[in-house]
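Input: a single structure, listed below in structure tokens.
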Amino acid sequence: MSPVVDIRSLTKRYGKARGVEDVTFQVEQGEIFGFIGPNGAGKTTTIRTLLGFLRPTSGSARIFDLDVVSQGQEIKKRIGYLPADVNYYDDMRAGELLDLSARFHGVAASARIAELSQALGLDLGKRIRSLSTGNRKKVGIVQALLHEPDLLILDEPTSGLDPLVQHTFFELLRAEKEQGRTIFFSSHVLSEVQRLCDRVAIIRDGRIIDVERVDGLGVGQYKRVRVKLRNPGATLDLPGAHRPAGPGADVELIYRGGIDDLVKQLARHEVEDVWIEDPPLEEIFLHYYQGDAERSAADGDGVAR
Amino acid sequence: MSGVLFRNELRRHRRGFLIWAAVLPLLSLFRMAEYPTFYRENRNAQAALEQFSPTEIELFGLDSLRLTEIVDYYGGRIYSLLLLLGSVYVIMLAATILAKEEDDKTVEFLLVKPVTRSSVVTAKLAAVVVYTVALNLVLFLAVWGMFAAFEQEGYDLGTLAVLSVGSLLVHLAFVVVGFLLSVYVVRARTVYPISISLVLLAYFLLIVANSSENAGWVRYLSFFAYVDAADIVRNGAISAVYLVLFASVITAGTVLSYLTYNRKDLSA
């Protein structure tokens, strides 16, 4: 069976904005596929090309084995799209907009709209203008799901959603996946990709640098650790600590290794406070791809510290 | 064409249409209501002409009209105003109906639905044409009613019909110009002033053409000059050259709009 999304040597160059160069990857039927990269890496450009908003400079993109440029109308019967920034007709009520969306798809979806809105806590009677960013996003989610598309294309779907709604949303996505639907979603937040995706493509500076299974993904093991020690003279001796900040009360480092080792090492000291979090993607890239001499040169200017 | 989109466009722009379709006949009514008095006070066309300054006479070509007749009175005193204001309305509608979607980014909502870009253009253009035709029909019927109410020596409905067709053609030409403009210029902040300036420029060129002996060629640059009221009243028809020009502008602009919109990258 052919892949649901099949992008081959796709290049888009335009104006001042950075495009994408020679992008190739496939999304298979039934998987949740993550598309990660720092902001401005080319995720949205790729998605906008898939949707036919932009014409490819060269290369090709097919969805359901249909060409995105010439067969867009056929493709769009079967896809749902959630944009990074939801911009809908301000003067319409949420419910009116969703009805309009259903009419475009020629489906009677009032039951599904009601059900989805209830799950997300969306008030259909409100005008789009008066909705907060998070609530607009909810309208976008319902809009993307209401016609039960075979493929969901989600651009930064969680930005603007509070954690509780995010949780509900992820459950909705898992339910979609169980129905055999395919989900393609972009993000610059690694942890949400890890929680949800089967495979990921990593894009940087407009180029795909890796496509692999999430569980085999090296970057997943990185943590940013900040420790405040009671004893200012103490030093931490941690394997995989890429960036020990030297002796001092505050130690900050990017850690790659077993969490157990980290905790045991910390336990040897008098710890006043500790933060363990997902590092920003840019920072992970710096370390993950350090071995690549050519790339690390480019890394230098992208990283603040 | 997407029927869903077409109906939605009609609904979204209904209020603007209703306002213009009420205001323009009302404006006409104020001036038409003065006609019976004007007629009684000026027993012949020459006397009537003396009511106006030489500049006005020259600019609006009043000397070639018999202003005591109701069609001429309408042609000289009201018609060009309706042409101008109607053009402002339709060019603004045409120039924003597509561009505003892109400017507000709502076009992303539209183009992920199962519609082609051509069908979007068709639905939008059709909505503007419907309102343009409707406005001209309303104006024709309203003015006809006023003719019937205020006439003194009878009137020629045929001439009014030709004037009305002329108005429709001018408005359709501006629709196409505005629509084509908006395929290239997306930002509402830019497209509004440009489109209104185009209409005002055309009006200005009409005045230039009317007031200068040597500037006859300028007439070809202004749609308003194609439907000069004095010419139409005198000949009972719009000159064939102008009809061909209208047809060319409308056809070429429409074709170009489709071609360009189908190929363009949507602005982010």
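The values are calculated or read from the model by the stated rules, or taken from the named source; none is laboratory data. A quick note: this is a predicted structure, and the numbers were derived from the prediction, not measured. No Cβ is skipped: glycine too gets one built from the backbone with ideal geometry, and neighbour counts run over all protein chains shown. Ligands, DNA and RNA are stripped out before the accessible areas are found, and what is left, the full protein with its side chains, is counted by its heavy atoms. Shrake-Rupley method; radii C 1.70, N 1.55, O 1.52, S 1.80 Å.
Just a few scattered comments:
- Using Cβ point charges alone (K and R +1, D and E -1), the dipole size of chain B about the Cα centre works out to roughly 1300 debye.
- Percent of Cα-Cα distances greater than 24 Å, calculated over the stretch B:3-263: 50 percent
- Accessible area in the full protein assembly, largest first, 1.4 Å probe, for A:Trp275, B:Trp20: A:Trp275, B:Trp20
- This model, with +1 at the C-beta of Lys and Arg and -1 at the C-beta of Asp and Glu, gives the protein assembly as shown a dipole about its Cα centre of some 380 debye.
- Taking the accessible area of chain B, probe 1.4 Å, and keeping the other protein chains in place, the carbon and sulfur fraction comes to 64%.
- Taking the charge dipole of chain B about its Cα centre, with +1 at Lys and Arg Cβ atoms and -1 at Asp and Glu Cβ atoms, the residue from B:Tyr258, B:Phe30, B:Leu85 reaching farthest to the positive side is B:Tyr258.
- Summed buried accessible surface, chains A and B, 1.4 Å probe, nearest 100 Å²: 2400 Å²
- Diagonalising the gyration tensor over the Cα atoms of the stretch B:171-268 and scaling each eigenvalue by 5 before taking the square root yields semi-axes of 30, 16, 9 Å, largest first.
- Translational diffusion coefficient (Stokes-Einstein; Kirkwood radius from C-alpha pairs) of the stretch B:1-133 at 10 °C, 1.306 mPa s, in µm²/s: 90 µm²/s
- In this structure, the amide hydrogen of A:Gly59, modeled 1.01 Å from its nitrogen in the peptide plane, lies closer than 5 angstrom to those of A:Thr11, counting only residues at least 5 positions away or on a different chain.
- Placing unit charges on the Cβ atoms of the charged side chains and taking the dipole of the stretch B:3-263 about its Cα centre, the candidate lying farthest along the positive direction among B:Phe17, B:Gln152, B:Phe60 is B:Phe17.
- Max-minus-min Cα coordinates of the stretch A:1-93 on each principal axis give 42, 33, 26 Å, with the largest extent listed first.
- Per residue, the stretch A:5-218 exposes 39 Å² of accessible surface when a 1.4 Å probe is rolled over the protein heavy atoms with every protein chain present.
- Between the stretch A:72-135 and the stretch B:55-126, the Cα center-to-center distance that results, in Å: 33 Å
- Helical content of chain B, expressed as a calculated mean residue ellipticity at 222 nm, amounts to -24500 deg cm²/dmol (DSSP H runs of 4 or more residues, -39,500 (n - 2.57) each, divided by residue number, nearest 500).
- Just checking the listed ones, B:Arg234, B:Arg219, B:Arg40: in the Gaussian network model of chain B with Cα springs under 10 Å, the one fluctuating most is B:Arg40.
- Nearest-10 value in Å² for the accessible area of A:Ser9, using the 1.4 Å probe: 50 Å²
- Occluded residues from the stretch A:136-165, i.e. those whose accessible area drops by 30 Å² or more once the chain is not alone (1.4 Å probe): A:Gln143
- For the residues of B:5-18, the average number of beta carbons from a partner chain within 10 Å of their own beta carbon is 1.
- Looking at the stretch A:5-218, the DSSP beta bridges with both ends there are about 50 percent antiparallel.
- Cβ-based charge dipole, chain B, positive-most Cα from B:Val249, B:Ala209, B:Leu180: B:Leu180
- For the stretch A:22-57, a reduction of at least 50 Å² in accessible area between the chain on its own and the assembled protein chains (probe 1.4 Å) is found at A:Arg48, A:Phe53, A:Arg55.
- The protein assembly as shown: translational diffusion in µm²/s, Stokes-Einstein, Kirkwood Rh over Cα pairs, 10 °C, 1.306 mPa s: 56 µm²/s
- With protein chains left intact and a 1.4 Å probe, residues in chain B average 43 Å² of accessible area per residue.
- Those residues of the stretch A:64-110 for which accessible area with every protein chain present is at least 20 Å² below the isolated value (1.4 Å probe): A:Gln73, A:Lys76, A:Tyr81, A:Asn87, A:Tyr88, A:Tyr89, A:Asp91, A:Met92, A:Leu100, A:Arg103, A:Phe104, A:His105
- Cα centre as origin, Lys/Arg/Asp/Glu Cβ charges: the stretch A:120-190 dipole, Debye: 340 debye
- Of the GluC sites (Glu not before Pro) in the stretch A:148-191, not one is in a loop by DSSP (not H, G, I, E or B) with at most 16 other beta carbons within 10 Å.
- Counting protein heavy atoms only, the stretch A:1-140 has 44 percent of its accessible area on carbon and sulfur, 1.4 angstrom probe.
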